[in-house]
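Below you'll find the structure, written out as structure tokens, and then a few comments.
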Amino acid sequence: MFPDKVVVNGPKFSITYNTTFKVLTNLRANEKYVLVQRGCPTPTLPDGFVAKAVVQVPVARVSITSVTDSKWIELIGERNSLIGMPGIYTTSPCVNKRYDLGFTVDMSKVSYNSTLSQYQMSSNPKMLTGTYASVLSTPLDVVFAGSRSATAGLPLVITSSTYEQSYKLVPEWGKFIAAFYNKEATINAFISDFKTRWDCASSSPTGGISPSPIYAFSFSWSLLFLWTEPPPPLETTPRSQRAAMAVAAAVAAGSTKPKGLAISYLSATTITPFDCSYNATSGLWANKICEVLDAAGLQVVDAVHSYTGSYSNYQQFGDWAADVDVIIVADCTCTYKGAMTVAACDDLWKNKFLSSLSATKAFKNQKIYDVGRTLDPSGGTDYFVSLPVEPDAFLADVIAVTWPSAAAGHNMVYLRNMFTEGVGNLRSCAAYNLTYGCVPSANSLSAQCTSLGAPADSIAKTAGIVLCPATSAATALAPSQ
């Protein structure tokens, strides 16, 4: 019944296949879901087995609470199943087209009434009207959500990719989504390609996932979950790792690995760096962005544990970071910081933030980047949406800004040079005649859709990848100055 299967390599879920049904277990949420092939009877479950949802597959009508899940659905060619989205926070031309045509609705404007077992408008009057009435009159097959919510709808299935501690594990959750569509073969091919791209770009000796039969994760409310999974396979195929070659060339030339600093957020008063501590026992970084900097061949600076000054003193922080070569800011917003105009936004980012870093090597070499290169119609950055699906594109970006010759053929996806390519998220593409780093209109994106039902292209296909095997010798790869 299920000729194509997935093998789960390390993330916080598992899957088992039976003759007419599959059992998906979200290990982090401690929930089980039974996926029954359409036309087959619901199986008799053993005593003590509790299924949070029983879903007929393949599904045809879904709603999501995280836009990231829509990326998986588009990549496996099931965009037409997207009935509900949490607002127009997507750069996808064809999802914007579905909004225009009334095929997909904004679920942030409705809530699920569990007493009546139906959706209703969040504002008065509660009755569904117009497009909402027609689109939501037929029950949904499944609602994918990041947490259990009574108002999200039923049947609800929790996805937990955000809790993975490695970007090499996060894309595995594409297999979780694909299982609901019987698209295991499609997602297997995509994940295999992702792993190859990460491996050949990374500075890691294997580029793969270290095998370990036990995974333990501790959460802030002091609960500890332990489980066993089949160990992920060792990466045995030699790879021509571009970042590793670039580092080797730099060392051979008498240089040292450049230092990289990752900043999480900038408020009007405080700089917040990422915790970039490394656990040698688990082989995990405290934050996944630090893993990327390391894979790109940078010495990762852990400001949280090595800086003792005030994070509200921008200048002091900049003086402390004087020897940092590359700075990446996982932020680009303005309005949340009280900067409501383009001028105010520029003042915040350029005159307050950038100028305070003038003592750093990164400033002098103009190597400070934010994540505002690709914005959606709301002004949000696609970094938070697409990165979990294709983190190798972010790795390629970081390699490109650190070792340009090691990333030949790659077009930048997330990173924007804050000196030469703009700042903030308030400039519209139309008003400022820009092609990136600006806010597009939903209509302009919608107009780019050529086929509503076609699978979305991967970022690797549209932006280019860090080529593997390498096309030049290690000695030809020198660090960017």
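Condition check ((1) touching a helix residue (DSSP H, G or I) at 6+ places or on another chain (Cβ under 8 Å); (2) in a helix (DSSP H, G or I); (3) open to solvent by 60 Å² or more (accessible area, probe 1.4 Å)) across all residues:
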| residue | (1), (2), (3) |
| --- | --- |
| 343 | no, yes, yes |
| 354 | yes, yes, no |
| 359 | yes, no, no |
| 362 | no, yes, no |
| 366 | no, no, yes |
| 369 | yes, no, no |
| 378 | no, no, yes |
| 385 | yes, yes, no |
| 389 | yes, no, no |
Task: Conditions (1) in contact with a Phe, Trp or Tyr (Cβ under 9 Å, 6 or more places away or on another chain); (2) touching a residue at least 12 places away in the same chain (Cβ under 8 Å); (3) exposed (fewer than 15 other Cβ atoms within 10 Å of the Cβ): number failed by residue 279 - done: (2)
Task: Residues within segment 312-338 that are under 27 Å from the mean Cα position of the chain (by Cα) and more than 17 Å from residue 416 (Cβ to Cβ), tallied - done: 6
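Residue by residue, here is whether (1) more than 17 Å from residue 174 (Cβ to Cβ); (2) within 26 Å of the chain's Cα centre (by Cα); (3) not acidic (Asp, Glu) holds:
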position	(1), (2), (3)
1	yes, no, yes
11	no, yes, yes
14	no, yes, yes
18	yes, no, yes
21	yes, no, yes
26	no, yes, yes
32	yes, yes, yes
Open item on the list: Considering only segment 156-165, I want to know if a residue exists there that is open to solvent by 30 Å² or more (accessible area, probe 1.4 Å), part of a helix (DSSP H, G or I), at pLDDT 90 or above and closer than 21 Å to residue 27 by Cα.
Closed with: yes
Task: Residues located in segment 431-456, provided they are surrounded by 13 or more Cβ atoms within 10 Å (Cβ to Cβ), assigned to a helix (DSSP H, G or I) and aliphatic (A, V, I, L, M) - done: 442, 445
- [ ] Would you mention how many residues in segment 22-35 are in a strand (DSSP E or B), of a type outside the set (Asp, Glu) and in contact with a Lys or Arg (Cβ under 8 Å, 6 or more places away or on another chain)?
- [x] 8
TODO: Residues being open to solvent by 30 Å² or more (accessible area, probe 1.4 Å), of a type in the set (Ser, Thr, Tyr) and at negative phi: count how many of those fall in segment 113-125.
DONE: 4
Open item on the list: Looking only at segment 51-64, filter to residues that are in a loop (DSSP other than H, G, I, E, B) and in contact with a Phe, Trp or Tyr (Cβ under 7 Å, 6 or more places away or on another chain); which one of those is most open to solvent (accessible area, probe 1.4 Å)?
Closed with: 52
Task: Pairs with Cβ under 6 Å, 6+ apart, first in segment 180-195 and farther than 11 Å from residue 76 by Cβ and of a type outside the set (Asp, Glu), second at pLDDT below 95 and open to solvent by 10 Å² or more (accessible area, probe 1.4 Å) - done: 194/392
Task: Among (1) in contact with a helix residue (DSSP H, G or I) (Cβ under 8 Å, 6 or more places away or on another chain); (2) at pLDDT 50 or above; (3) open to solvent by less than 70 Å² (accessible area, probe 1.4 Å) - the single one residue 252 does not satisfy - done: (3)
Task: Search result, residues across segment 296-336 that are among the hydroxyl-bearing types (Ser, Thr, Tyr), outside any helix (DSSP H, G or I) and touching a residue at least 60 places away in the same chain (Cβ under 8 Å) - done: 333
Task: Residues being modelled with pLDDT of 90 or more, surrounded by fewer than 21 Cβ atoms within 10 Å (Cβ to Cβ) and outside any helix (DSSP H, G or I) - total across segment 77-110 - done: 6
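This table checks each residue for (1) at pLDDT 95 or above; (2) under 19 Å from residue 199 (Cβ atoms); (3) touching a strand residue (DSSP E or B) at 6+ places or on another chain (Cβ under 9 Å).
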{"site": "239", "(1), (2), (3)": "no, yes, no"}
{"site": "242", "(1), (2), (3)": "no, yes, no"}
{"site": "246", "(1), (2), (3)": "no, yes, no"}
{"site": "275", "(1), (2), (3)": "yes, no, yes"}
{"site": "322", "(1), (2), (3)": "yes, no, no"}
{"site": "327", "(1), (2), (3)": "yes, no, yes"}
Open item on the list: Suppose we keep only residues that are open to solvent by 50 Å² or more (accessible area, probe 1.4 Å) and within 15 Å of residue 296 (Cα to Cα) within segment 406-430. Which one would you say is modelled with the highest pLDDT?
Closed with: 412
TODO: Within segment 1-24, work out how many residues are open to solvent by less than 30 Å² (accessible area, probe 1.4 Å) and more than 14 Å from residue 178 (Cα to Cα).
DONE: 4
TODO: Tell me, yes or no, whether segment 277-285 has at least one residue that is hydrophobic (A, V, I, L, M, F, W, C), under 21 Å from residue 366 (Cβ atoms), outside any loop (DSSP other than H, G, I, E, B) and touching a helix residue (DSSP H, G or I) at 6+ places or on another chain (Cβ under 7 Å).
DONE: no
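The values are calculated or read from the model by the stated rules, or taken from the named source; none is laboratory data. Every value quoted in this text rests on a predicted model; they were computed, and no experiment measured them. Because the Cβ atoms are built from the backbone with ideal geometry, glycine has one as well, and the counts that use them run over all protein chains shown. These area figures cover heavy atoms from the full protein model, side chains too; ligands, DNA and RNA do not enter into them. Shrake-Rupley method; radii C 1.70, N 1.55, O 1.52, S 1.80 Å.
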